[in-house]
Amino acid sequence: MSVTFINDNGSTETDYTEATGGAGTCVTGGVGVDIPEGNRVTVKVWHQNGSVGTPMDVSTGHGTA
């Protein structure tokens, strides 16, 4: 999963979180970033086989923090 937004410095920032090991495992606490309120956020999720695998079934959503 990735979360992309414009940070306080005006730069585009992308942070990632992952579920390693598969079979229903996941991380807790999200990506751990402070997204400025009112900023546009893009969230992308996908699955792949290993860290160098090809992303599959990519889904993207947009919203406002």
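The values are calculated or read from the model by the stated rules, or taken from the named source; none is laboratory data. Owing to the predicted nature of the structure, the values given are computational and were not obtained by experimental measurement. With ideal geometry, Cβ positions are generated from the backbone for all residues, glycine too; neighbour counts draw on all protein chains shown. Heavy atoms of the whole protein, side chains included, go into the accessibility calculation; ligands, DNA and RNA do not. Shrake-Rupley method; radii C 1.70, N 1.55, O 1.52, S 1.80 Å.
List of remarks:
- Label-point separation, residue 46 to residue 34 (7 Å along Cα→Cβ), nm: 3.1 nm
- In Å², nearest 10: area of residue 6 left accessible to a 1.4 Å probe: 70 Å²
- Put simply, the amide H of residue 41, placed in the peptide plane, has neighbours under 5 Å in 63, 64, 65, leaving out anything fewer than 5 places away on its chain.
- Contour minus Cα-Cα distance for residue 65 and residue 8 (0.36 nm per residue): 19.2 nm
- In order along segment 46-58, phi translates into HN-Hα couplings of 6, 10, 7, 8, x, 5, 10, x, 7, x, 10, 6, 6 Hz, rounded to whole numbers, per the Karplus curve 6.51 cos²θ - 1.76 cosθ + 1.60 with θ = phi - 60° and x for Gly and Pro.
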